[in-house]
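The values are calculated or read from the model by the stated rules, or taken from the named source; none is laboratory data. Keep in mind the model is a prediction, meaning the values are calculated, not measured. Using ideal geometry, Cβ is built from the backbone for each residue, glycine included, and neighbour counts are taken over all protein chains shown.
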Amino acid sequence: MEFNRKNVRMILLIIAFAVVLYTAAQNLASVYGAVKTVWNVFGVVITGLAMAFVLNVPLKLFEDRVFYGMSEDRRPLVRRLRRAVSLVCALVVSLGVIVILIAVVLPQLTQTVTEVAARLPEYISAVVNWINEFLAKFDIEIEALKEFTVDWEKVFKDLSTYLKEGNVINTATDVGTAAASTVMNTFLGLVVAVYVLAQKERIGRFTRRCIDAFLPKRASSAISRVASMASETFSSFVAGQLADSCILGILCYICMLIFRFPYPEVISVVIGVTSLVPMVGSFIGEVIGALLILIVSPLKALLFVIMVLAIQQVDGAFIYPRIVGKSVGLPGVAVFCAVIVGGNIAGVLGAVMGVPVCAVLYALLKEAVASRLEGRRTDKPLI
């Protein structure tokens, strides 16, 4: 390899990046503290940008499909109102979906918690008896389970002492403060998101001018192209992930109604929401649902786990790769591999980011291959 100035600079950049990565890995506590400080300062802005990114999906849908005719209107006021009307509709639809989910789930959740609290002693005794009967079929005896009892009088006495000491007041105060802070930050983030979406073209032009001003022309063009491609890919990924989560939740709800499992509304919504996180999200929802059903019937809890596992296998093998892969322009096998590799590299975050990152790399690779093979005949497949 010829060691010209460009190659030396590239090698130095790789070495510097490796040194920074190694230093960060050796000082995780300091890195966590720095990230926490940045979040405390810029958390509202980051939340707003994330909300703007998600809300941009329905916004583009309304602008391009519903109110597209307003962009061709001769009246300037009507053309300018297209963004405002689309943004209001996107906010109303998004908030409406959240309100409907809360309205459907909250009464069922309240009823579930009340029922569980009232019949908890009975449920525990039933579970212990079921385990003893199951083990007895195989001539297995566990003395701890045979003699297992709960002194509920002592439990309520300890709970009363805990409440009298004021611990619950302090805990409630802390929870209330955290909830109020979260609501306020969410509201401020929504305000930031609205401003960003209302002026996203102006923000994009200003960002492009800054890149052009401080970077060489070739580098700025490459960064702008990759950023545009990444934005489109991530938006498509969010839309595909939301669609797949809705399908998974609906399938779970229908199957729970067919097999007459308890709490179908709460559990199907929980599974649908948690499945927004690839790989592990739906399993978390499955565990929560199984625990709720377990207190009613251990056998139904086992059947529920088998049912959800079957739905997950169908979704992971056929539905998710097709929906998400089609939305981001990836083959189904590439989506499957991206989720697995991303999860192995960086856990949950890697599983979430694996598909869009792979889609961007795949698009860049296709561009590079097309430019290099321009003018050649490459119709014959390898296999």
- Item | Which numbered condition residue 123 misses (of (1) modelled with pLDDT of 70 or more; (2) surrounded by 13 or more Cβ atoms within 10 Å (Cβ to Cβ); (3) hydroxyl-bearing (Ser, Thr, Tyr)) | (1)
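So that you can scan it fast, the table gives a plain yes or no per residue for (1) surrounded by fewer than 12 Cβ atoms within 10 Å (Cβ to Cβ); (2) of a type outside the set (Val, Ile, Thr); (3) modelled with pLDDT under 75:
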residue	(1), (2), (3)
49	no, yes, no
52	no, yes, no
61	no, yes, no
85	no, no, no
95	yes, yes, no
- Item | Test result for residue 179, touching a residue at least 24 places away in the same chain (Cβ under 8 Å) and either assigned to a helix (DSSP H, G or I) or in contact with a strand residue (DSSP E or B) (Cβ under 6 Å, 6 or more places away or on another chain) (or both) | no
- Total residues in segment 299-313, condition surrounded by fewer than 16 Cβ atoms within 10 Å (Cβ to Cβ) and in contact with a Leu (Cβ under 8 Å, 6 or more places away or on another chain): 0
- Query: If you check every pair at least six apart or on different chains, which have Cβ atoms under 8 Å apart with a residue in segment 232-255 that is touching a residue at least 60 places away in the same chain (Cβ under 8 Å) and closer than 16 Å to residue 274 by Cα first and a residue that is of a type in the set (D, E, K, R) and buried (at least 17 other Cβ atoms within 10 Å of the Cβ) second?
  - Reply: 244/315; 247/315; 248/315; 251/315
- From the list 268, 220, 224, which one is within 27 Å of residue 101 (Cβ to Cβ), among the small types (Gly, Ala, Ser) and assigned to a helix (DSSP H, G or I)? 268
- Message: Going by what's in this entry, would residue 251 be described as buried (at least 17 other Cβ atoms within 10 Å of the Cβ), closer than 24 Å to residue 102 by Cβ and among the aliphatic types (A, V, I, L, M)?
- Response: yes
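Select from segment 324-345 the residues that are surrounded by fewer than 20 Cβ atoms within 10 Å (Cβ to Cβ) and either modelled with pLDDT of 75 or more or among the acidic types (Asp, Glu) (or both) and write down the one among them that is nearest to the chain's Cα centre (by Cα).
Step one: filter segment 324-345 for residues surrounded by fewer than 20 Cβ atoms within 10 Å (Cβ to Cβ), giving 326, 329, 331-334, 336-337, 340-341, 343-345.
Now restrict to residues that are either modelled with pLDDT of 75 or more or among the acidic types (Asp, Glu) (or both): 334, 337, 340-341.
Details: 334: 20, 337: 18, 340: 16, 341: 17 Å.
The selected residue is 340.
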- Task: Go through (1) exposed (fewer than 11 other Cβ atoms within 10 Å of the Cβ); (2) of a type outside the set (Phe, Trp, Tyr); (3) under 16 Å from residue 53 (Cα atoms) and name the single condition residue 177 misses.
- Result: (3)
- Taking segment 281-298 on its own, how many of its residues are surrounded by fewer than 19 Cβ atoms within 10 Å (Cβ to Cβ) and not aliphatic (A, V, I, L, M)? 3
